Amino acid sequence: MAAYDFSVLEAKFPGIIEEMPNPFDSHEFLIALAHQNQAEYAKALYAFKDYANRGIPAPFQGVHKAIIQKLIHHTELATKIRSDKPSRDIFGHLQRCSEWQKSNSYLQRNAF
């Protein structure tokens, strides 16, 4: 797997969070991030083209896992409130994922 610098996508997190409902889930976040940053998202997927889970190619899973690991560290934006929310993934399959609450400090900074 080639190295990929997620800093370009990570810099987009605040704008994506701003558009999310409160609370939101990981799938909603990933779909919005991918949709609004398609070229950079495609670069990340290409870097993860050889990522596999249990021997099955899974570049989307690798990229999504890396992005969510980055989001976990941005507690100034949002915090995880549960890990088992039923939600449709990027392919429309019903899965379980994390649910997030926008942080109070983020909400206060961005209040109108």
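The values are calculated or read from the model by the stated rules, or taken from the named source; none is laboratory data. Note that the structure is predicted; figures quoted are calculated from it, not measured. Here Cβ is always computed from backbone atoms with ideal geometry, including for glycine, and neighbour counts include all displayed protein chains.
Within segment 1-35, can you find the residues that are under 14 Å from the mean Cα position of the chain (by Cα), closer than 23 Å to GLN95 by Cα and of a type in the set (S, T, N, Q)?
Across segment 1-35, the qualifying residue is only SER26.
Give me a count of the residues in segment 1-30 that are over 14 Å from TRP100 (Cα atoms) and surrounded by 17 or more Cβ atoms within 10 Å (Cβ to Cβ).
The total comes to 2.
Identify all residues within segment 36-85 that are more than 14 Å from the chain's Cα centre (by Cα), crowded, with 17+ Cβ neighbours inside 10 Å, not in a helix (DSSP H, G or I) and not aromatic (Phe, Trp, Tyr); write none if there are none.
Scanning segment 36-85 gives a single hit, LYS85.
Could you grab me the full set of residues in segment 93-112 that are at pLDDT 95 or above, more than 12 Å from the chain's Cα centre (by Cα) and not polar (S, T, N, Q)?
HIS93, LEU94, ARG96, LYS102
Of all the residues that make up segment 86-101, how many are in a strand (DSSP E or B) and exposed (fewer than 13 other Cβ atoms within 10 Å of the Cβ)?
2
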